[in-house]
Amino acid sequence: MDSAKIWSMLRGKGLRMTPLKKKIVELFLGGACGLSAADVKNSIGENPHISSVHRCLSSLEKAGFLRLDRNDDGVLRYRCSRTFYPDHGHFRCMDCGKRFPVRYTLPEDFVKKLEASGDFMVEGSDLLLEGKCCKCALKLN
């Protein structure tokens, strides 16, 4: 999906697409994932006030472009919703703590059956695999 179409969709949800919001949208469409407000601030190459970044992230989440990323460090982190970017999971190394993206796709028939039950509307999914990354696994040998 191209940026202009996404901006149009977000405008349709009542968002004003400011230059900062556009940069944040481009950052996440470029594959960024699991970013905190501080990570976003550091990644966009400018120096907006952190409160402006927080407001943009919050409004993009309310509009359905972003969703909270599950993690256990207590920091709010964001990722694109499945409407705008393909689902993907993560592998977390239990030794060094690094997270790596893992490409996967839930079988659509599974999602459709789940939604057809009438009990659910799937808006995103999280897959977290844990173990040792190659570097940490080599340290053991």
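The values are calculated or read from the model by the stated rules, or taken from the named source; none is laboratory data. Computed from a predicted model, the values in this text were never measured in an experiment. Positions of Cβ are backbone-derived with ideal geometry, glycine not excepted, and every protein chain shown enters the neighbour counts.
Considering (1) assigned to a loop (DSSP other than H, G, I, E, B); (2) at pLDDT below 90; (3) hydrophobic (A, V, I, L, M, F, W, C), the lone condition that L15 does not fulfil carries the number (2).
Can you say whether I24 is at pLDDT 85 or above and touching a Leu at 6+ places or on another chain (Cβ under 9 Å), as far as the supplied structure shows? Considered against the rule, which asks whether it is at pLDDT 85 or above and touching a Leu at 6+ places or on another chain (Cβ under 9 Å), I24 comes out as yes. The set of residues in region 99-133 that are more than 24 Å from R79 (Cβ to Cβ) and either among the hydrophobic types (A, V, I, L, M, F, W, C) or in contact with a Leu (Cβ under 7 Å, 6 or more places away or on another chain) (or both) contains only A116.
With respect to the conditions (1) in contact with a Phe, Trp or Tyr (Cβ under 7 Å, 6 or more places away or on another chain); (2) exposed (fewer than 13 other Cβ atoms within 10 Å of the Cβ), R16 falls short on a single one, namely (1).
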